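Step one of this worksheet: look at the structure below.
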Amino acid sequence: MRSIDIEELTHSGVIYFNSRLEMLEDLHCKMYKLDRLHNLLTHFHDYFQIWYVSKGEFIHTVDNRPYTIRKGDLFVVAPFTLHSIHVESDREMEIIGCEFMPCFVNERFDDQTADQAFFDAGYLEHFWHNDGTAQSQMTLDGVTEGRIRNLMLEMLSEYERRTPFFQIALKSNLLVMLSIIIRQVNGDVVRAGFEKSEKYRDIMTRVVDYIHTNVHDDIKLEHVCTIANMSKSTFCSLFKEWTGKTFNRYLIDLRILNAMTLLQRPTLSVTDVCYATGFNELSYFCRIFKKYTGISPNHFRKQAIRKS
């Protein structure tokens, strides 16, 4: 997060909008629609602010850098960011706004002593650590703009109607919207990832098919690297990106799943299943099976046969 001296700024005449005054007591998120917009002097707030502009145009200055915000644009302002709004008089305007505290995404953001390396941190970390340029003015393509507009309108409707469980709908839509915005501001990364995925799609599909076909055999990483025509380090990195698992974890998971199926056949012994799934060592198979499932292969078999 940004380091800022609130007392010093407010004494210098900068306006501070506080979430305790701006938001409901038990809801750290606020939705609204503006049909008119007035100039706002330099100010900051302790919450995130997202504006989607469906009509009008104005100058949004962020950290002394002006941006012309037009119809179809969107911007995100992180907490404690200095910014201001300048509007020409008599200009037609329509803005849908969303303001939320970090704790609305995850309560752990309120705990300054806690480790911030948790999954939901990914929704906000870009906006805190980026210089602000990418999210200070986002011109959306037609499809993305339609998705953002629909999400904003649905969130606004939920906020205004406040039917039971509206907070859950509000949060789920906010998370979807943040994921869309993160991809928008990281367009180069997204395109590079797509190009990389397409480049290696046939190779990785062939490798995965080979593993599934030969899972009962003694598959070696070196041989799979040869099939992919890659170095060990390159293959392991790409395989993890493609499958979400390391090569060894993927192979063991697949063998355990196959073993769970075969153990339900009374005609096969545990030893038969061990060798049929490619483990080739009974003690190792029993140890890994129990580690993954919490019970031994024999116990699993008894439960499966009892239920059948």
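Any read-out appearing in this document is the output of simple, stated calculations on the displayed coordinates, not a laboratory observation. Computed from a predicted structure; not experimentally measured. Because the Cβ atoms are built from the backbone with ideal geometry, glycine has one as well, and the counts that use them run over all protein chains shown.
Computed 3J(HN,Hα) for region 241-256, one whole-Hz value per residue from the Karplus formula 6.51 cos²θ - 1.76 cosθ + 1.60 where θ = phi - 60°, is 5, 6, 9, x, 9, 5, 4, 5, 5, 4, 5, 5, 4, 5, 5, 5, glycine and proline marked x. Here is the list for region 61-129: trypsin sites (Lys or Arg not before Pro) lying in DSSP coil, each with at most 15 other C-beta atoms within 10 angstrom of its C-beta, are LYS71, ARG91. Going through the cross-link list LYS220/LYS302; LYS171/LYS245; LYS240/LYS291; LYS232/LYS290; LYS220/LYS240, which pairs have a Cα-Cα distance over 24 Å in this structure? Cα-Cα > 24 Å for LYS220/LYS302; LYS171/LYS245; LYS232/LYS290; rest within. Of the residues PHE17, PHE104, PHE279, the one that moves most in a GNM of the chain with alpha-carbon contacts below 10 Å is PHE279. For region 211-222, the Karplus equation 6.51 cos²θ - 1.76 cosθ + 1.60, evaluated at θ = phi - 60°, returns couplings of 4, 5, 6, 10, 4, 7, 8, 7, 7, 9, 4, 4 Hz by residue, with Gly and Pro reported as x. Cα convex hull, the chain: 203 Å³ per residue, rounded to a whole number.
Extension gain for ASN229 to ARG287 (0.36 nm times residue separation, less C-alpha to C-alpha distance): 17.5 nm.
For region 154-283, go through all pairs of different Cα atoms, get the mean of 1/r, take its inverse, and jot down that Kirkwood value in Å. Every distinct Cα pair counted, the radius reaches 18.5 Å.
Overall, the ratio between the Cα radius of gyration of region 30-72 and 2.2 N^0.38 Å, rounded to two decimals, is 1.21. At full extension, GLU94 and ALA117 could sit 4.5 nm farther apart than now, given 0.36 nm per residue minus the alpha carbon distance.
Computed from the C-beta positions of THR261 and ARG20 and an R0 of 51 Å, the FRET efficiency is 0.35 to the nearest 0.05.
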